[in-house]
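Read-outs throughout are calculated quantities, based only on the coordinates presented, and are distinct from any laboratory measurement. Here the structure is a predicted model, which is why all the values come from computation and not from measurement. In this analysis, Cβ positions are derived from the backbone assuming ideal geometry, glycine residues included, and neighbour counts consider all displayed protein chains.
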Amino acid sequence: MSLISCQNNNNPKIINLKSPAKTNTIFFDLTENGLPQYWVKHNDKLIIDKSNLGFDFKNKNVFTEPFSIKNTVENTVDEEWEMPWGEQRLVKNHYNQLKVEIENSSKQKLNLYFRAYDDGIAFRYEIPQQDGLKSLIIKDENTEFQLTGNHTAWWIPGDWDIYEHLYSTSKLSEINAKSYANDDNLAQTHIPENAVNTPVTMRMEDGTHLSFHEANLTDYAGMTLKVDTTTYKLTSELVGSDRTNYKVYRNLPIQTPWRTIQIADEAKDLIDSRLIVNLNEPNKLGDVNWFTPQKYVGIWWEMHVGKATWDYGMTMNKNGQWVDTGQAHGKHGATTENTKRYIDFVAKNNIKGVLIEGWNTGWERWIGFQDREGVFDFVTPYPDYDIQELSDYAKSKGVELIMHHETSARPRTYEKQLDKAFQLMNDMGMHTVKTGYVGKIIPKGEYHHGQWMVNHYRKVVETATKYKVAINAHEPIKATGIRRTYPNAVSREGLRGQEFNAWASDGGNPPEHLPIVAFTRMLAGPIDFTPGIFDIKLPTKPDNQINTTLAQQLALYVVIYSPIQMVADLPENYKNQPAFQFIRDVGVDWEQSITLNGEVGDYVTIARQERETGNWFVGGITDENAREITINFDFLEDGKTYKATFYQDAESAHYKNNPTAISIKSAEINKGMTKTIQLKEGGGFAISLIQKGISD
Ligand code: NOJ
Ligand code: CA
């Protein structure tokens, strides 16, 4: 590392910090006006030009005078840590860090931490404990990222409430986030002009790829990035609150989340970067072996395709109590009998979990009501759902039930009941809960991605640790790698998931959606996408279908990472389906993962090796274009023979009119062999590579 440190110098030489292999360099300086400023090079190429760092505070006379550098401290970390579950077991964390301590003439102190990794860079602000400053009110953070050209960007709008948007592909100069305001699939949400959410991924003219995000979002507002479409400058814009009219309130000391840039010569390397988790604190929970990575089914899709309902058909009396008037409409999905059917199915098919949505009272008023009073108490089952009997039944079959807590965006109501709700889970032997936050946040004026809700989501994760409960949040705050610190934060939604294919008025996710997601949203962390729909044409939904082939649905178990993977279709739709064997076989917890190839928005292929068994699984997906992909099996272990099964698009397959045409073939595969596979429009392939034992 070359570092010129300078003490008490108003006119310092430029400081620079290089990554371990010298791939990335961060430069730091103070502007003529005494403002901190940085820029970044990837090898010799400027990635980020001179960009200022700073805040607007509500407090008077805070950090208004020019800074000078007081001190710099450098260190190197080179370590390996173990993921209790994840895309890979051992993670290398190797970086050089620079701390710059700056101060103004009023002796107000601000520290900046920079980290240079070979797969990207990161920095954060620290406002240390100091005399005369107890707390700070941040009106906005003004972190700049001055880009060096009109890059191609894959972006969703900087919505303060929801990430469930389709990605746009455009030049920076053409970003127009406002055009999203009329998306009729979403409740009215707050979308500032020309701000995008993170992770946002870009390709520079020479093919270098960048992805901007944040790591360790703790007690702070989520960050969106405002795009200047003429100067190509991004500026942080924090999510706010109409109740408080500021973005962040904090007592000192304050550490902001890390601002991150993943940098890769090829798109595929973004996916194998572990920058975001590396920037988080180590595991605080120790052994979490009470959580089992698993495949799960759910009383879920039947509601989304309109075959069943969440609600049972209760009425609320004058005192606000739910009463069973005997008027149940007979379409309620979460019945004891139906749940047993799912448990039996799971027990036979190498699946572990059963999620039950619509088991508790309140669904008659969960959506479309302003006050949503009296909704959801998280402990009272509907009359046709026998929670104790089902818990005993599941246990007798070695199956885990997964709890569901839809809060309908009333976090206070949920917080009051958290302990009671998790205690019930303990009593029933349940270890995973899917949470949900559909609707505008109550209290009015708060947004899903503001500081107040960031703290709510964290409180749920932290409280859950006391009860050995793992969280899979829908309508969540974005993933920022806190799963490293809290490995009970297992998965989340935070994108347009499979459910949109069942009911979106635009016909669902287009085939390019997931080949974009793999290089954007997936860089943040695990995704509960809910793959595995076999009945692709959705007969109960004439205007909707899944816009992929069946082979692609299989591929998603490998491509889209989550330690809990839904087997989302109705059990009856897997009957007599040879392709279902792949879902039975596929792993969910990985020793290692390798992205073999890919281009953002076009295609991607990932190979993952299962922990414990050493078997490999490969998944590849394409957008609306057919293409040919050659796999080189040099990742396999030397001297071993694998029984491979290839599940791929049949010659006649096409996502639109012939999505279920699949070809299944077996072969013996060894390290070093290659295979060329045809992917049809909206298609994909999945390969299981099972090690041959001595007995075969
Ligand atoms: C939206 C979630 O994404 C979906 O999975 C769930 O079924 C509904 N909310 C109801 O909670
Ligand atoms: Ca959702």
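Convert 25 °C to kelvin, take the viscosity as 0.890 mPa s, use the Kirkwood radius over C-alpha pairs of the range 31-128 as Rh, and evaluate the Stokes-Einstein diffusion coefficient in µm²/s, rounded to a whole number.
Here the translational diffusion coefficient equals 156 µm²/s.
Quick one: dipole size for the range 414-503, taken about the Cα centre, charges +1 on Lys/Arg Cβ and -1 on Asp/Glu Cβ, in debye to the nearest 20. Working shown, then result.
Numbers: 14 positive and 8 negative charges, 41 e Å.
For this selection, approximately 200 debye.
So how many Å³ per residue does the convex hull of the Cα atoms of the chain work out to?
Dividing the Cα hull volume of the chain by its residues yields 158 Å³.
Could you work out [θ]222 nm for the chain from helices alone, using -39500 (n - 2.57) per DSSP H run of at least four and dividing by all its residues? Round to the nearest 500 deg cm²/dmol.
The per-residue figure over the chain is -4000 deg cm²/dmol.
Would you mind estimating how fast the range 109-256 diffuses translationally, via Stokes-Einstein at 37 °C and 0.692 mPa s with the Kirkwood radius over Cα pairs, in µm²/s?
Rounded, D is 197 µm²/s.
Over the chain, what relative contact order in percent results from Cα pairs under 8 Å that are six or more residues apart?
11 percent.
Whole angstrom only: what separates the Cα centroid of the range 538-574 from the Cα centroid of the range 430-466?
For the range 538-574 versus the range 430-466, the Cα centre distance is 27 Å.
What does the charge dipole of the chain about its Cα centre add up to, to the nearest 20 debye, if the Cβ of each Lys and Arg holds +1 and the Cβ of each Asp and Glu holds -1?
Value, rounded to 20: 1040 debye.
Within 10 Å, at most 13 other Cβ atoms, and a DSSP state outside H, G, I, E, B define an exposed site. Report the longest part of the chain free of exposed chymotrypsin sites (Phe, Trp or Tyr not before Pro).
Details: sites that count: Trp290, Phe369.
Here the longest run is 370-696.
Select from the range 216-301 those trypsin sites (Lys or Arg not before Pro) which occupy a DSSP coil region and have at most 14 other Cβ atoms within 10 Å, ordered by residue number.
Details: sites: Lys226, Lys233, Arg243, Lys247, Arg250, Arg259, Lys268, Arg274, Lys284, Lys295; in loops: Arg243, Lys247, Arg274, Lys284.
The qualifying sites are Arg243, Lys284.
Which loop trypsin sites (Lys or Arg not before Pro) in the range 411-499, with loop taken from DSSP, have no more than 11 other Cβ atoms within 10 angstrom of their Cβ?
Qualifying residues, ordered by number: Lys444.
How much of the calculated P(r) for the range 555-689 lies past 17 Å, in percent of all Cα pairs?
Counting every Cα pair in the range 555-689, those more than 17 Å apart make up 58 percent.
State the answer as a single residue: which of Ala153, Leu217, Leu166 lies farthest towards the positive end of the charge dipole of the range 15-278, with beta carbon charges of +1 for Lys and Arg and -1 for Asp and Glu, about the Cα centre.
Towards the positive end, the residue furthest out is Leu217.
Output the direction-averaged projected area (hull surface divided by four) of the convex hull of the alpha-carbon atoms of the range 175-281, in nm².
Mean orientational projected area (the range 175-281, Cα hull): 9.2 nm².
For the range 15-278, what is the convex hull (Cα atoms) projected area averaged across all directions, in square nanometres?
Mean shadow area of the hull around the Cα atoms is 15.0 nm².
Please report the antiparallel percentage of DSSP beta bridges with both residues in the chain, rounded to the nearest 5.
85 percent
Of the GluC sites (Glu not before Pro) in the range 367-423, which ones lie in a loop per DSSP and count no more than 16 other C-beta atoms within 10 Å?
Working: sites: Glu373, Glu389, Glu400, Glu406, Glu415; in loops: Glu373.
When the GluC sites (Glu not before Pro) of the range 367-423 are filtered for loop state and at most 16 Cβ neighbours within 10 Å, Glu373 remain.
Past 23 Å, Cα to Cα, is the threshold; run Lys643/Lys680; Lys233/Lys459; Lys331/Lys440; Lys22/Lys92; Lys60/Lys109 against it and keep the listed order.
Where the Cα-Cα span goes over 23 Å, the pairs concerned are Lys643/Lys680; Lys233/Lys459; Lys331/Lys440.
Would you work out the relative contact order for the range 294-586, in percent, from Cα pairs under 8 angstrom that are 6 or more residues apart?
Relative contact order, the range 294-586: 17 percent.
Taking one equal scatterer on every alpha-carbon of the range 294-586, how large is log10 of I(q)/I(0) by Debye at q = 0.10, 0.13, 0.16 1/Å?
With no solvent term, the Cα-only Debye profile gives -0.52, -0.93, -1.49.
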